[in-house]
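Working notes for the structure below.
The values are calculated or read from the model by the stated rules, or taken from the named source; none is laboratory data. All values reported here derive from a predicted model rather than from experimental measurement. Ideal geometry is used to build each Cβ from the backbone, glycine not excepted, and the neighbour counts take in all protein chains shown. Only protein heavy atoms, including side chains, enter the accessible area calculation; ligands, DNA and RNA are left aside. Shrake-Rupley method; radii C 1.70, N 1.55, O 1.52, S 1.80 Å.
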Amino acid sequence: VLPAGGLTARINIMARRKSARSAGPGRYDKSSWDDWIEDSGVVTRLLLEDEDDVPHQRFVVTLSSGQTVLIAHNLDLAERVPVGIGDRVAFRGVYEWNPMGGVVHWTHRDPRGDDGEGFVCFRGRVYA
């Protein structure tokens, strides 16, 4: 977890890595698979933790466009984000389209340090 002042520095570091797609038409369409994205929205649903292999915190975010995405936040690599319904979050991760809106994963640091890094930002704190 980074303090709020560390967000700018972290985003600058990430900009030198794989770039995230910017907002615009087609950003969340069927052709989007393993694309880095960065966006924000409101938490509209909290789901049970996925514990199949690695525990993942799961919550649905509704974007300003009305699109919904599932955030799958790896709890082995990042701290739990204390979100509730109605909370606004910003996020960066890898997007994979599905008929329900898509999944954003890799919202954490890269443990190997050789790929892009993601995050969830909530109330001025970065969870990565």
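Consider the stretch 15-53 and keep the residues that are more than 22 Å from residue 83 (Cβ to Cβ) and surrounded by 15 or more Cβ atoms within 10 Å (Cβ to Cβ). The one that is modelled with the lowest pLDDT is 21. Residue count for the stretch 95-104, restricted to those that are open to solvent by 10 Å² or more (accessible area, probe 1.4 Å) and of a type in the set (Val, Ile, Thr): 1.
Conditions tested, residue by residue: (1) within 18 Å of residue 75 (Cα to Cα); (2) in contact with a helix residue (DSSP H, G or I) (Cβ under 7 Å, 6 or more places away or on another chain); (3) modelled with pLDDT of 95 or more.
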| position | (1), (2), (3) |
| --- | --- |
| 86 | no, no, yes |
| 91 | yes, no, yes |
| 97 | no, no, no |
| 104 | yes, no, yes |
| 107 | yes, no, yes |
| 110 | yes, no, no |
| 113 | yes, no, no |
| 124 | no, no, yes |
| 127 | yes, no, yes |
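Looking at the stretch 54-74 only, could you name the residues that are in a loop (DSSP other than H, G, I, E, B), on the phi < 0 side of the Ramachandran plot and open to solvent by 40 Å² or more (accessible area, probe 1.4 Å)? Before the answer, list the steps.
Restricting attention to the stretch 54-74, the residues satisfying the condition of being in a loop (DSSP other than H, G, I, E, B) are 54-55, 64-67.
Add one more test, that the residue is on the phi < 0 side of the Ramachandran plot, and what stays is 54-55, 64-65, 67.
Once the filter is applied, which keeps residues that are in a loop (DSSP other than H, G, I, E, B), on the phi < 0 side of the Ramachandran plot and open to solvent by 40 Å² or more (accessible area, probe 1.4 Å), the stretch 54-74 yields 54, 64, 65, 67.
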